[in-house]
Amino acid sequence: MSMEWFRSYHGAPFDAKHVTIAKRSETQPGVSCAIWWALLDFASQNEDRGSVQGFDCEVAADFFGWTLETVSRVVQVMGDVGLISDGRISNWDKRQVKREDRSTDRVRKFRESHQETGNALKRSETHGNARVDKSREETTPPLRARGGIWSDLPERFHDDLEHALKHVKVPDSLIATLSAMNSGLDPPPYTWEEIGLGLHDLVANGKHVQFNARQLRRYVAGAREQLQPKQQAAAPPADAAQAFEEALRFLRSIPGGYMHVTSEKLAEVPSNVQRAVRAAGGWKELANADEIGLRMRRKQFIEAFTASAA
């Protein structure tokens with residue numbers, strides 16, 4: 001039977017290691033504690049229990065409202081201090097049980113040593129288990145009852161969401177990412193129509209099997225471009241800041257991201273914008289940059305663009 005819980009020991013939230021981790025990663029102990037809890041939860045639900053391979057720092061950052069750099073740095077420091085090693089929680093096998101701690105074995109031994117009351121105990125346990133099983137059936141919600149996004153997402157995209165939830169390792173991570181894109185925690189906020197179309201394209205291309213929050217955002221950004229009215233090609237922008245934003249919009253309009261940019265598509269981008277993108281590290285670096293990295297790329301782009309216009 002699959003485990004639906006993991007052990008947490010007294011004093012864990014106030015472990016002094018969180019103070020050390022916070023100092024090294026330049027954040028607060030509470031941030032370290034929350035990320036550690038998320039890692040334990042992920043490791044418990046993973047098919048290989050105890051493994052944190054595939055933990056999506058970006059999903060955690062979206063949910064907690066922190067930057068991707070902060071979460072990634074904390075996870076890295078946890079590896080440095082020995083909490084994580086070889087992609088696993090270091091003491092998982094020592095501290096976590098390998099099966100559910102149930103009373104079945106104890107009841108069986110009790111019956112064997114008390115034969116005179118065996119029948120009565122058997123009836124009691126059988127009826128009790130039946131009630132528990134029935135209760136579990138009644139309280140376990142179907143997939144479509146999970147989260148509040150089913151009522152927000154257009155109905156024609158429900159099958160795509162259900163299909164994706166059945167394949168991702170941690171369904172709640174997908175729910176959190178979709179909610180963040182609509183709430184504005186992940187600016188700019190997207191409509192549920194845009195989110196649904198992006199999710200549909202993600203599933204149609206088979207990209208949901210290995211869920212990646214950044215890739216999903218690119219599909220949703222591409223969906224926004226599809227839904228917006230087509231406009232005639234504008235003249236090359238004269239303002240450097242505007243040119244940078246248009247370069248980002250172009251990148252986000254490509255379903256699947258920069259890896260799917262074709263030479264025909266690049267031909268639509270003004271040559272001075274392409275030169276400035278190259279000066280800022282290229283389309284790949286622009287696509288993969290986090291919040292801090294994007295500011296640096298923007299500065300490089302504007303300097304190159306301004307110099308070419310001089």
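Taken together, the values in this text are just the output of simple stated rules run on the coordinates, not laboratory data. If you're wondering where the values come from, they're calculated on a predicted model, not measured in any experiment. A quick note on method: Cβ atoms are made from the backbone with ideal geometry, for glycine too, and the neighbour counts reach across all protein chains shown.
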Worksheet item: Ranked highest first by the average count of other Cβ atoms within 10 Å around their residues, in what order do 62-69, 195-202, 276-283 fall?
Response: 195-202, 276-283, 62-69
Practice prompt. Might you report the magnitude of the Cβ-based charge dipole of the stretch 1-92 about its Cα centre, with Lys and Arg at +1 and Asp and Glu at -1, to the nearest 20 debye?
Written response: 400 debye
Worksheet item: By count of other Cβ within 10 Å, fewest leading, how are Ile254, Ile292 ordered?
Response: Ile292, Ile254
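Starting from the Cα gyration tensor of the stretch 149-227, take the square roots of the eigenvalues, sort them a ≥ b ≥ c, and report rounded, prolate or oblate (rounded when a/c is under 1.5, otherwise prolate if a/b is larger than b/c, else oblate).
On the way: a/c = 1.29, a/b = 1.24, b/c = 1.04.
It comes out rounded by the Cα gyration axes.
So for Glu246, Glu155, fewest C-beta neighbours within 10 Å to most, what's the order?
Working: Glu246 17, Glu155 9.
Taking fewest neighbouring Cβ atoms as first place, the list is Glu155, Glu246.
Using the Kirkwood radius over Cα pairs, work out the Stokes-Einstein diffusion coefficient for the stretch 240-309 at 10 °C and 1.306 mPa s, in µm²/s as a whole number. Provide the component values of the computation, followed by the final result.
On the way: Rh = 11.9 Å.
Diffusion coefficient, whole number: 133 µm²/s.
With the radius of gyration and the Kirkwood radius both derived from the Cα set of the stretch 6-53, what is their ratio Rg to Rh?
Details: Rg = 11.7 Å, Rh = 11.4 Å.
Expressed as Rg/Rh, it is 1.02.
Here are some pairs, Lys17/Lys166; Lys265/Lys299; Lys94/Lys169; Lys169/Lys284; Lys23/Lys299; Lys166/Lys299; which of them have Cα atoms lying more than 32 Å apart in this structure? If you can, show how the numbers build up before the last one.
Numbers: Lys17/Lys166 36 Å; Lys265/Lys299 25 Å; Lys94/Lys169 24 Å; Lys169/Lys284 27 Å; Lys23/Lys299 30 Å; Lys166/Lys299 42 Å.
Exceeds cut-off: Lys17/Lys166; Lys166/Lys299.
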